[in-house]
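The values are calculated or read from the model by the stated rules, or taken from the named source; none is laboratory data. Just so it is clear, the model here is predicted, and its values are computed rather than measured. Every residue, glycine among them, receives a Cβ derived from its backbone with ideal geometry; neighbour counts consider all protein chains shown.
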């Protein structure tokens, strides 16, 4: 078949008729072989020289318009990719041909030439013009003008302007001319013909045919773009004509002109001129024509301001509004120098910017924000007298923008209250109330009475409201900028606020830095009015009281949002209690019985406290009130987590303190309410905050007393739980209590850091944990009997991890050793109920192995291993290898398995296997002799050979490779392991093709360790490894992983050999392997790099043992490369390898 194809290829004739026949076969035949042959023909046709003539024939004498368009497309693509194949004469002939065809289209329309073919011909002429402008077609622009002046239809104008538009299409032309120097030269030549282009543009813009005018606008936009950057604003006649069109009521015309203006501003040579020059220099550098054009545009925008204001009411999503704002903003941002010159147009432009920000559509309004932020930096840099009252005209717009953005940041409606569903809450707490964990809790205490009193209940005035811009208490986590691509996309208020934050902060900076306290007061007065109910109601004439309350809640919410946004700027220093500017907002929240408590207002208050936490801690009285306010909402379904996080965050920021009374309040609240917290994440944050508070008290004595009191409270809870469990027969109730207790323990233990705990405190916690290990084991056993117990395993193992991490010093761990073993036995028993579901319990085994390492209990744990480890391995091996095993052996005779064992293929779970081999290599490391003596180690290794080849799983493979490494390191010199050592090497080589590249380092270490341990048998091992590589069927297709392993092995063997002649022989043998894997130069570069590293290390160590190689000279490397690595590829030039020895 191969010979037949070759013969067919040689016999192929590239003609129009044959091409059409092949094309029809490709599109119509049902025979796959025929279609493939036709496809190959067409691919070859497009690369042959005959295509130039055949494509022309298809254009002028086509069987159909479809084939005519195909011929034009083939010719265009040929020009794109191979225009350099044509001589100047051939290009001239092709140019004449294309113009003749285009003239036929202009004269006779699509009766002769299809519109699709015309578009390809236009593009082809543009390519010839672009590539020939500095060679054989320097009169391109003049020729296009001459073509458009030919008598006939308006199509001559349209086709000519389309050719110019195609020339300016950078994306297309960059594919034609890839040499950047040539591309830049072409660009310069076209830019030098600006006057001719200006004449074309201005003439055609006034054409009576609207299609000609629209096409001209498209062309101008292309020329103003990033390729040619036509300087629109230096062409005053053109700007005048464009501004006339800018006043058009036709929205399509306005849009196209607007796009041209935006491109012209963006690509002006003087855009952002202040980045390279000061104000005076910038004004001198600006050309007078450009300044006049820009000011004319500003005047035109001002003239159309009434249209803008009318349209933003009638249709705020119109394209007119969108482009009006974009043009105004682009001028202000790119030419802010025009504002700084302090002229009539400066004030006019700033006023237009304020009005644009006020646009009712947020997606349009927000596009002005970047200007206000950047203009603040401009003022700070370039206006030296900015603090003078004469500069108020520059400052006042910021205050207007602040008011505008604040108003737009208001929610329309508030959709939720803090009351929630009472029945739902009651159902959640029903079981917990029946069996209280704190039997002595006093519900009638002072705080308990306050918490349930009517003054803290939420107003129902906002209940059941809804709307697009409501607030549910949850801030958006992210916002996709792609959602704001036009005026037709509305931005929800929560997303608008993301950008409004920058405005609020920049306005604060402008007013505080340039107007001092007076500027700050002007801002604060606006905010005070929002939360002072009397002033708010006085300024707004509400006839309905309910409506007034709703709007007041909204007003308070937005005020708090703005304050918490500006918190970093507003509170940069110590917060003094008598500073009304700063304390007013906090007093309003925490010391005001009439604070409008709603999910949204409370949420904003929490964020304010969190953002200003450092300042809050400097005012003890305000700190106390704030903590009480925060905890007031800890039990709320919606705000509980935010309350806990805010509380915990403030405590972390408080540092050392003497807030004893506040802590006592928190401790009392803890006793009364810990039993009511349902969510684990809320409990974690709250408990960690409480214990963190205790540890932040100033004296160690206070810390110890606080911790001991809290531990006593939790101990009481655990004791009550134990007592309750004894009297409960209902399993679900028992589980509920245990879950509650375990959750509290997890929260408690996860919140400690050993670095932050003093010795006395640590001992107190150690005693507490020791007393409750029995309870922990009981709960572990009971709760994991649940059918859905898998999530609990993670919780228990994390508790165990916290315990061993906190008390990682030897003495404390010795105290806990007996409890650890009990917990280990229980974890294994639970794991055997369902080894896959509960595989995470094995981490407890691993944790204990780490704890007993190098401890005096090392031998004690060996006794445990001797009693149980062999049966442990047998159980898991049997589970993972037997398709239908009988009742497997268990560690403890009295324990029965709770689940039937699944089929073997399902039992080979990667996570289970990973944990299993993690334990194996830890046991090998600590108890080598025991490991080799127990009967199951052979089965463990055999299982690894199976799973590492059949299962692709990164963590599992990594664990087994580490197991192999430790086995070779500790066991390879024992007689009973020799057969497995070689199998390990063979298996590792087998998996190289598919192994994750991140594991190559581990495998390389495995081979090198193999050589280190077996130096006396280096020759035998070298031969074995070579044999392994040579016998692999895919050895000639080695991937990078296998190459690296092979190089590492060769280098290691090279360095173990202390005789240079033997080293040559060694590398010569290895050459027979690696020469088929990668090039000699690649091999040598890897080899040389490794040896350089070896030399460097040896020179640093200044040591050599047993005659090992101290230094391998460059001369030797050069000799080696010539005689061995490249002996079948002689070096033609001595400099070929010079770079290797630099």
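Criterion first (surrounded by 18 or more Cβ atoms within 10 Å (Cβ to Cβ), in contact (Cβ under 8 Å) with a residue 40 or more places away in the chain and closer than 24 Å to residue 245 by Cβ) does residue 323 satisfy it? When the stated conditions are applied, residue 323 passes them. Screening residue 975 against (1) buried (at least 18 other Cβ atoms within 10 Å of the Cβ); (2) over 41 Å from the mean Cα position of the chain (by Cα); (3) over 27 Å from residue 882 (Cα atoms) leaves a single unmet condition, (1).
Which residue, of 226, 195, is part of a helix (DSSP H, G or I) and out of contact with any strand residue (DSSP E or B) (no Cβ under 7 Å at 6 or more places or on another chain)?
Numbers: 226 fails: part of a helix (DSSP H, G or I).
Only one candidate qualifies: 195.
Find the residue count for segment 246-261, including only residues that are assigned to a helix (DSSP H, G or I) and either surrounded by fewer than 19 Cβ atoms within 10 Å (Cβ to Cβ) or outside the structural domain of residue 338 (by TED's automatic domain parsing) (or both). Lay out the reasoning, then the answer.
Taking segment 246-261 as the starting set, the residues that turn out to be assigned to a helix (DSSP H, G or I) are 246, 251-261.
Then drop every residue that is not either surrounded by fewer than 19 Cβ atoms within 10 Å (Cβ to Cβ) or outside the structural domain of residue 338 (by TED's automatic domain parsing) (or both), which leaves 251-253, 255.
So the count comes out to 4.
Evaluate segment 64-73: report whether one residue or more is over 28 Å from residue 162 (Cβ atoms) and either free of Cβ contacts under 8 Å to residues at least 60 places away in the same chain or assigned to a loop (DSSP other than H, G, I, E, B) (or both). Within segment 64-73, none of the residues are over 28 Å from residue 162 (Cβ atoms) and either free of Cβ contacts under 8 Å to residues at least 60 places away in the same chain or assigned to a loop (DSSP other than H, G, I, E, B) (or both). Of the residues contained in segment 495-507, none is found to be modelled with pLDDT of 90 or more, within 29 Å of residue 633 (Cβ to Cβ) and not in a helix (DSSP H, G or I).
Rundown of residues vs (1) modelled with pLDDT under 90; (2) in a helix (DSSP H, G or I); (3) under 22 Å from residue 743 (Cβ atoms); (4) within 33 Å of the chain's Cα centre (by Cα), yes/no style:
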| position | (1), (2), (3), (4) |
| --- | --- |
| 610 | yes, yes, no, yes |
| 627 | no, yes, no, no |
| 635 | no, no, yes, no |
| 647 | no, yes, yes, yes |
| 661 | no, yes, no, no |
| 668 | no, yes, yes, no |
| 674 | yes, yes, yes, no |
| 690 | no, yes, yes, no |
| 702 | no, yes, no, no |
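When you go through 857, 876 one by one, which is the residue that is over 17 Å from residue 819 (Cβ atoms) and either touching a helix residue (DSSP H, G or I) at 6+ places or on another chain (Cβ under 9 Å) or surrounded by 21 or more Cβ atoms within 10 Å (Cβ to Cβ) (or both)? Spell out the reasoning first.
Numbers: 857 fails: over 17 Å from residue 819 (Cβ atoms).
Step by step, each of 857, 876 is checked, and only 876 is over 17 Å from residue 819 (Cβ atoms) and either touching a helix residue (DSSP H, G or I) at 6+ places or on another chain (Cβ under 9 Å) or surrounded by 21 or more Cβ atoms within 10 Å (Cβ to Cβ) (or both).
Of the residues that make up segment 330-344, is at least one within 24 Å of residue 250 (Cα to Cα) and in the same structural domain as residue 242 (by TED's automatic domain parsing)?
Kept after step one, since they are within 24 Å of residue 250 (Cα to Cα), are these residues of segment 330-344: 330-331.
From what's left, in the same structural domain as residue 242 (by TED's automatic domain parsing): 330-331.
Looking through segment 330-344, at least one residue is within 24 Å of residue 250 (Cα to Cα) and in the same structural domain as residue 242 (by TED's automatic domain parsing).
Residue-level check: of (1) surrounded by fewer than 20 Cβ atoms within 10 Å (Cβ to Cβ); (2) part of a helix (DSSP H, G or I); (3) on the phi < 0 side of the Ramachandran plot, residue 49 misses just (2). Evaluating residue 31 against the criteria (1) crowded, with 20+ Cβ neighbours inside 10 Å; (2) farther than 30 Å from residue 151 by Cβ leaves one unmet condition, (1).
Could you check, for segment 291-299, whether at least one of its residues is surrounded by fewer than 18 Cβ atoms within 10 Å (Cβ to Cβ) and assigned to a loop (DSSP other than H, G, I, E, B)? Scanning segment 291-299, I find no residue that is surrounded by fewer than 18 Cβ atoms within 10 Å (Cβ to Cβ) and assigned to a loop (DSSP other than H, G, I, E, B), so the answer is no. Between 147, 97, 108, the distinction of being within 21 Å of residue 157 (Cβ to Cβ), in a helix (DSSP H, G or I), in the same structural domain as residue 169 (by TED's automatic domain parsing) and touching a helix residue (DSSP H, G or I) at 6+ places or on another chain (Cβ under 8 Å) belongs to 147 only. Considering segment 262-281 alone, what residues qualify as being surrounded by fewer than 22 Cβ atoms within 10 Å (Cβ to Cβ), assigned to a helix (DSSP H, G or I) and under 38 Å from the mean Cα position of the chain (by Cα)? Of everything in segment 262-281, those that are surrounded by fewer than 22 Cβ atoms within 10 Å (Cβ to Cβ), assigned to a helix (DSSP H, G or I) and under 38 Å from the mean Cα position of the chain (by Cα) turn out to be 262, 263, 266, 273, 274, 275.
Mind checking whether some residue in segment 128-142 is over 18 Å from residue 166 (Cα atoms) and surrounded by fewer than 21 Cβ atoms within 10 Å (Cβ to Cβ)?
The first filter runs over segment 128-142 and keeps only residues over 18 Å from residue 166 (Cα atoms), leaving 135-136.
Then keep just the ones that are surrounded by fewer than 21 Cβ atoms within 10 Å (Cβ to Cβ); that gives 135-136.
Yes: one or more hits.
Examine segment 827-834 for a residue that is at pLDDT 85 or above and part of a helix (DSSP H, G or I), and state whether such a residue exists. Yes. Within segment 985-1007, residues that are modelled with pLDDT of 75 or more have Cβ atoms under 8 Å from residues that are crowded, with 18+ Cβ neighbours inside 10 Å and not in a helix (DSSP H, G or I) in these pairs: 1003/995, counting only partners at least 6 apart in sequence or on another chain. The single condition among (1) more than 46 Å from the chain's Cα centre (by Cα); (2) under 19 Å from residue 293 (Cβ atoms) that residue 217 does not meet is (1). With respect to residue 298, determine if the residue is over 41 Å from the mean Cα position of the chain (by Cα) and on the phi < 0 side of the Ramachandran plot. When the stated conditions are applied, residue 298 passes them. Flag: residue 159 matches the condition of being at pLDDT 85 or above and over 21 Å from residue 231 (Cα atoms).
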